[in-house]
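Below is one structure; the comments refer to it alone.
Coordinate-derived values only; no laboratory data. What you see is a predicted model; the values in this text were computed from it and never measured. Counting neighbours? That spans all protein chains shown, and the Cβs are built from the backbone with ideal geometry, glycine included.
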Amino acid sequence: MIAFDCLNSGGLCTWQFTTGPDICAIHSVAITPPSHTFTFYDASGYADNQAFISDPRSIDGQSLSASCDWSLENQNPANVVGFVGSYQDTISVNVAPTGNTNGEADLKATCSAYGTTGIGTAPLTVFLCEEPWANSFTDTDYDFRLNYCRGQTGDPNLLPNLSYFATPRTPTSANGYLMKEFVFKHPDAEEIVGLRIYQNLSHLTPRQWY
């Protein structure tokens with residue numbers, strides 16, 4: 001066996017390789033953080049704000065240099081959040097100047113480079129509360145979430161911090177096509193709240209259902 005030093009061969013060694021046609025195409029746009037909940041707006045007008053960073057990526061996950069435009073969409077109610085300053089890859093968002101409205105919106109980053117365009121979104125929630133429920137959760141299987149405000153800091157009558165557990169079910173005609181049920185338990189009292197998810201086979205409206 002003969003060892004040959006290609007790095008110092010004076011050009012005697014060559015390598016061949018091919019590249020894919022979409023190596024610089026934008027495949028996805030990640031936003032960091034991927035979501036945010038705004039929780040305060042005080043009497044002096046100081047609003048909760050959060051910076052977001054866009055990261056355009058190729059199909060193999062490589063970060064790409066791109067020009068990005070930001071927009072706020074699906075605001076409910078209108079103008080519940082707003083921009084603070086404007087940059088290419090970074091934007092700051094805060095609670096709207098009214099500062100007394102809960103709601104939701106989507107932050108959208110549209111990035112363009114090398115003749116391709118990618119879009120990323122981050123859900124935003126405005127939930128103005130000093131003492132929110134510590135165990136708020138999102139059920140990704142059935143696309144819903146639960147939360148509640150326990151009250152203000154220092155309030156001696158804060159609502160309880162409920163714990164919960166979920167039990168999946170097999171829907172059958174015998175159980176009314178029950179799909180999943182949740183039990184929320186009071187931390188100190190023998191009290192519970194139940195929540196059930198049923199199939200709506202006839203696509204009834206809430207009024208027709210009940």
For the residue pair Asp42 and Gln199, what label-to-label distance in nm results when each label sits 7 Å from Cα along the Cα-to-beta-carbon direction?
5.3
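Using Stokes-Einstein with the Kirkwood hydrodynamic radius over Cα pairs, what translational diffusion coefficient do you get for the chain at 4 °C and a viscosity of 1.567 mPa s, in µm²/s rounded to a whole number? Intermediate values should be presented prior to the final figure.
Working: Rh = 22.0 Å.
Estimated diffusion coefficient is 59 µm²/s.
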Mind jotting down the three principal axis lengths of the range 137-209 based on Cα atoms? Whole angstrom, largest first.
48, 24, 23
At what distance in nm do the modelled label points of Asn79 and Tyr164 sit from each other, each positioned 7 Å from its Cα along Cα→Cβ?
3.4
What is the distance in Å between the Cα centroid of the range 43-89 and that of the range 99-170?
17
Note on the range 28-126: C-alpha Rg/Rh, Kirkwood Rh, two decimals, gives 1.02
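Expected output is a single nm value to one decimal: the length gained when fully extending between Arg145 and Asn102, i.e. 0.36 nm times separation in residues minus the C-alpha distance. What is it?
Working: separation 43, 0.36 × 43 = 15.48 nm, distance 1.52 nm.
Answer, rounded to one decimal: 14.0 nm.
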